[in-house]
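The values are calculated or read from the model by the stated rules, or taken from the named source; none is laboratory data. In this text, all values refer to a predicted model and were calculated from it rather than measured experimentally. The accessibility values were calculated without ligands, DNA or RNA, using every heavy atom of the protein model including side chains. Shrake-Rupley method; radii C 1.70, N 1.55, O 1.52, S 1.80 Å.
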Amino acid sequence: MAVDVAVLLILGIVIAFSCRGGGLKPGHAVVCVVFGLYLAGTDNVGPFVKDVTASVAGLLSGLRL
């Protein structure tokens, strides 16, 4: 659950900066959000997306910079 919230915050910040920088229009951001929600809600792809996200988060948390 904590990973999901962190990922949502990070992606939200990336989308916000992209909109402010002019690289992403608000309409495109809405389409990205709706697509992400739809994708996460599917039975076939949803668990895969969660597994990949958890794996990437585990990999990044193990890095020593």
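Counting only heavy atoms of protein chains, what accessible area per residue, in Å², does the chain have with a probe of 1.4 Å? Numbers along the way, then the final one.
Details: 5490 Å² over 65 residues.
For the chain, the solvent-accessible area averages 84 Å² per residue.
Size descriptors for the chain (Cα atoms only): Rg and Dmax, in that order, 13.6, 38 Å.
Ligands, DNA and RNA left out, the accessible area of the chain computed with a 1.4 Å probe is 73% carbon and sulfur.
Proximity of backbone amide H atoms, modeled 1.01 Å from N, is registered between L24 and C19 at under 5 Å, excluding neighbours fewer than 5 places apart on the same chain. Gain on full extension, evaluated as 0.36 nm per residue between D51 and R20 minus their Cα-Cα distance, stands at 8.1 nm.
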